[in-house]
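Here, each number is a calculation from the coordinates, and none is a lab measurement. Keep in mind that what you see is a predicted model, and the values were worked out from it rather than measured. Cβ sites come from the backbone with ideal geometry, for glycine too, and all protein chains shown count toward neighbours.
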Amino acid sequence: LKVDPSLVHRLFYPQVPLVMAARSGRRVSAMPVVSYASVSDAPALVAVSCRPEGFTCGLARKARSFSLSILEKAHAGALERLATGSGAKVSDKLREAGLAYAVGGTLKVPVLDDAVATLECSLRYSRKFGDHVLLVAKVEDAWASEAFTDSWDFARYRPLLYSGWKGGLTIFSEG
Ligand SMILES: Cc1cc2nc3c(=O)[nH]c(=O)nc-3n(C[C@H](O)[C@H](O)[C@H](O)COP(=O)(O)O)c2cc1C
């Protein structure tokens, strides 16, 4: 079957969503992202593609920093709230979504209490491609739960796998 080119990102599902969070002044915002990649190991560089009109994307560009966090299945409801509301309407979107956080150890980015892993990233490059902006950032610090010792122990880490949006966030179940 032919696939509309604007939908090819859906062929990549299921994917582990990350929460991208940023803070500037008193403003805190966050959103789930799946358009991300690890682009270099040393230095550690990661990339996220975001819609330039999005509030969280704008806040991360303004702050020139953001965090990327992994949440487990229990937090699917909070992810859905972050995906539906806009950070433009509330002063602290993470708090509104019920996600507690502290300010990072290295950068002034939100670090989620319930994350199984968090990266603290400083923005290095930002360039528009088509209808998205690609943010390339240096990983200044990274944290993970004890389920990660140079790689994940999947007996202890149960990844949330995003499989699409069908009137809400849908999760791929391994059966
Ligand atoms: C699982 C999932 C992944 C998403 N991935 C991205 C992404 O990679 N880039 C993006 O710009 N939006 C992505 N979105 C959409 C944003 O999360 C959504 O537009 C959000 O409401 C933006 O919030 P904001 O207005 O605070 O910026 C994704 C949504 C979901 C549910």
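3J(HN,Hα) couplings calculated from phi for the stretch 12-23 with the Karplus curve 6.51 cos²θ - 1.76 cosθ + 1.60 (θ = phi - 60°) are, in sequence order, 7, 6, x, 9, 7, x, 10, 9, 8, 10, 9, 9 Hz; Gly and Pro show x. Potential lengthening of the chain between Ile171 and Ala88 amounts to 27.2 nm, from the contour at 0.36 nm per residue minus the alpha-carbon distance. A simple rule links phi to the HN-Hα coupling: the Karplus curve 6.51 cos²θ - 1.76 cosθ + 1.60 with θ = phi - 60°, which for the stretch 162-171 gives 6, 10, x, 10, 10, x, x, 6, 10, 10 Hz, with x for Gly and Pro. Between the stretch 112-155 and the stretch 1-80, the alpha-carbon centres lie 9 Å apart.
For the chain, the list of Cys residues with no other Cys C-beta under 4.7 Å reads Cys121. Within the straight-line cut-off of under 25 Å between alpha carbons, the lysines reachable from Lys138 are Lys62, Lys93, Lys108, Lys128, sequence neighbours fewer than 8 places apart in one chain being disregarded.
What Kirkwood hydrodynamic radius, in Å, does the stretch 1-95 give when the mean of 1/r is taken over all pairs of distinct Cα atoms and then inverted? Don't jump to the answer; show the numbers that get you there.
Working: mean 1/r = 0.0691 Å⁻¹.
Result for the stretch 1-95, one decimal place: 14.5 Å.
Residue by residue, the stretch 133-145 carries 3J(HN,Hα) couplings of 10, 8, 9, 10, 9, 8, 7, 7, 7, 8, 9, 8, 6 Hz when phi is fed to the Karplus relation 6.51 cos²θ - 1.76 cosθ + 1.60 (θ = phi - 60°); x denotes Gly or Pro.
If you wrap the chain in the convex hull of its Cα atoms and look at it from every side, the mean projected area works out to 11.1 nm². Only helical runs count toward this figure. For the chain, summing -39,500 (n - 2.57) over DSSP H runs of n ≥ 4 and dividing by all residues gives -3000 deg cm²/dmol at 222 nm.
Could you list Asp141, Asp153 so that the one with the fewest beta carbons within 10 Å of its beta carbon is first and the one with the most is last?
Values: Asp141 17, Asp153 11.
Listing Asp141, Asp153 from fewest to most nearby Cβ atoms yields Asp153, Asp141.
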